[in-house]
Structures are given as C-alpha cells and as structure tokens.
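Novice: Input: one structure, supplied below.
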Amino acid sequence: MNFRITHAQGTEVPILISVPHCGTEFPDELKDQYNSDLITAPDDTDWFVHQLYDFAPAMGMSLIAAKYSRWVIDLNRDPQSKPLYTDGRIITALCPTTTFLGKPLYRDERKEIDSDEVRRRLEKYYWPYHQQLEENLVRLKNKFGKALLWDCHSIRQIVPTIQKEKFPDLILGDADGTSASPGLIERALGTLDHGGYSINHNHPFKGGFITRHFGKPSESFHALQLEMTKVNYMNDAETLYDKLRAEKMRELLKRTFSNLIDQLV
C-alpha cells in the first residue's frame with residue numbers, strides 16, 4: 001500500500017487529516033537510481049508530521065499519511081505539472097530531480113523524468129493516495145452533509161530558494177479564500193492566532209494542489225492547509241523530534257480542531 005491510514009476512533013467527526021510529505025521510503029524498483037547518501041535521510045521530508053498529529057484519530061478524525069518520499073512523486077503537485085506559484089520561486093517538479101536546494105537526486109544527475117515514467121508513477125504512487133482522500137471525503141459528506149480536509153505540512157525556517165527571510169511559525173492556506181467557507185477560515189485563523197506563534201494567511205503558501213483540488217465549499221467540501229516551521233516541534237537543528245515543543249503545538253492544534261468541529265457539527 002502506498003499510504004498508511006489510521007481510522008477515526010469513537011465518535012467520528014467530518015474532518016479528514018492528510019499528511020502527503022511525511023514519507024521516507026523508496027520503492028525497491030527505484031531505490032538504486034538515487035544518490036544513496038541523500039535518500040538515507042531525505043532532506044525535503046516533512047519530518048514527524050504524522051507523529052505530531054497522531055492525536056487526531058482519538059478526536060474522531062481519520063489520518064492518511066504518505067509512505068513514499070516526495071522525491072518519488074510529489075503528492076501535493078498538480079498531476080499535469082502546472083506550476084502552483086508564478087512569483088519566481090524555485091518549485092520542484094511533480095517527479096523532482098533535485099532537492100529544494102538544487103542538489104541532484106539521481107546518480108546519473110538527470111535533469112527530468114521522461115513522460116512515460118511520470119505517467120507510471122502517477123498511476124502507481126500518486127492516484128491511490130488521492131483516491132483515498134476522495135473516497136473518505138465523499139463518505140464524510142454523505143454522513144454529515146459536509147467535510148473538511150486538513151492538509152498538514154512543515155518546512156525549514158529558512159529555504160532561500162523560496163524566500164530569503166525566515167518563514168513565520170504558521171501559515172494557513174485556503175487558496176486565497178476559495179477552498180473553504182469564510183466561517184471555517186475565520187475559526188481556524190482565530191484559534192491559531194491565539195497560540196503564541198507568528199502566523200500568516202496565504203503567504204507565502206496558499207495551499208498546494210490537494211487544498212485547491214479538494215476544496216469546493218459550494219459543494220460542502222472544504223480544505224485548509226497548515227504549513228509550520230519545523231522548529232515548532234523539532235530541535236533547533238531541525239533533525240530530532242522535540243517532545244516539549246511538539247506538545248505545545250499539539251495543544252494548539254487540538255483547540256483548533258475542537259473549534260472547527262463545533263463549527264461543522
């Protein structure tokens with residue numbers, strides 16, 4: 001299976017948790033093509049995000065997490081490779097050939113993945129994850145009349161290929177107000193803004209393909225993306241899970257979901 005799902009426990013609520021960039025594995029059929037020193041600890045991973053959110057099932061939310069690294073195929077990119085941003089930042093491809101910092105991923109230093117291989121990876125590794133999201137969202141909407149997808153991400157404090165300055169602690173993305181209802185956006189922002197963290201709204205991240213694709217509030221499908229800098233739950237070197245920092249963030253996330261549940265149910 002290309003993903004791991006932890007089902008909601010107890011009383012289910014109409015929220016689905018997605019963690020598309022926590023995967024660290026590489027398929028046996030591809031593993032030997034990559035630079036071995038890079039894939040032992042794939043640097044562009046949203047490290048431990050599935051662990052940070054592992055309280056979600058106990059709150060009635062199923063959690064779907066990627067198994068394979070985004071270096072195999074990026075589950076949050078447009079399947080047609082259409083760019084998500086046009087502001088000059090460096091954006092890695094659907095099937096990337098370099099890290100965020102421009103290091104070649106493959107032993108042969110290839111510049112792109114041929115179209116037949118991209119299609120194969122879409123079928124084998126990309127669509128099963130998206131189909132699982134869609135099936136669960138449709139099921140939740142049929143059960144509750146509405147559904148919210150919460151897409152979870154993390155990033156280094158500084159990624160100079162995206163912007164020169166440090167990122168804020170939290171960035172809530174809703175595709176410029178189009179992927180969720182105003183009430184849900186306001187409830188999420190209002191809660192996150194009272195957690196002692198710096199927070200931006202839709203800048204520099206407004207939500208990736210998952211948020212933009214599944215967020216259809218006119219059809220009662222809502223989607224929000226939360227990006228956070230890794231030092232909020234990891235050590236200063238952004239290499240290890242920091243339990244104290246993580247617990248503070250988890251408490252804020254729990255309050256946010258409690259308020260969203262009140263809004264939805």
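The values are calculated or read from the model by the stated rules, or taken from the named source; none is laboratory data. Note that the structure is predicted; figures quoted are calculated from it, not measured. Note that each Cβ is placed from the backbone with ideal geometry, even for glycine, and that neighbours are counted across all protein chains shown. The accessibility values were calculated without ligands, DNA or RNA, using every heavy atom of the protein model including side chains. Shrake-Rupley method; radii C 1.70, N 1.55, O 1.52, S 1.80 Å.
Novice: Filter region 95-142 for residues that are open to solvent by 90 Å² or more (accessible area, probe 1.4 Å) and assigned to a helix (DSSP H, G or I) and give the result.
Specialist: Listed by number, the residues that qualify are Asp116, Arg119, Glu123, Lys124, Gln131, Glu134, Glu135, Arg139, Asn142.
Novice: Please go through region 34-57 and give me each residue that is open to solvent by less than 10 Å² (accessible area, probe 1.4 Å) and part of a loop (DSSP other than H, G, I, E, B), ordered by number.
Specialist: Pro42, Thr45, Asp46, Tyr53 - these are the residues of region 34-57 that are open to solvent by less than 10 Å² (accessible area, probe 1.4 Å) and part of a loop (DSSP other than H, G, I, E, B).
Novice: On the basis of being under 21 Å from Phe167 (Cα atoms), open to solvent by 20 Å² or more (accessible area, probe 1.4 Å) and charged (D, E, K, R), does Lys243 make the cut?
Specialist: no
Novice: Let me ask something else. Please enumerate the residues belonging to region 157-194 that are farther than 24 Å from Arg250 by Cα and among the basic types (Lys, Arg).
Specialist: Correct list: Lys164 only.
Novice: For Ile64, are the conditions met, namely being more than 18 Å from the chain's Cα centre (by Cα) and either of a type in the set (Val, Ile, Thr) or under 23 Å from Tyr126 (Cβ atoms) (or both)?
Specialist: no
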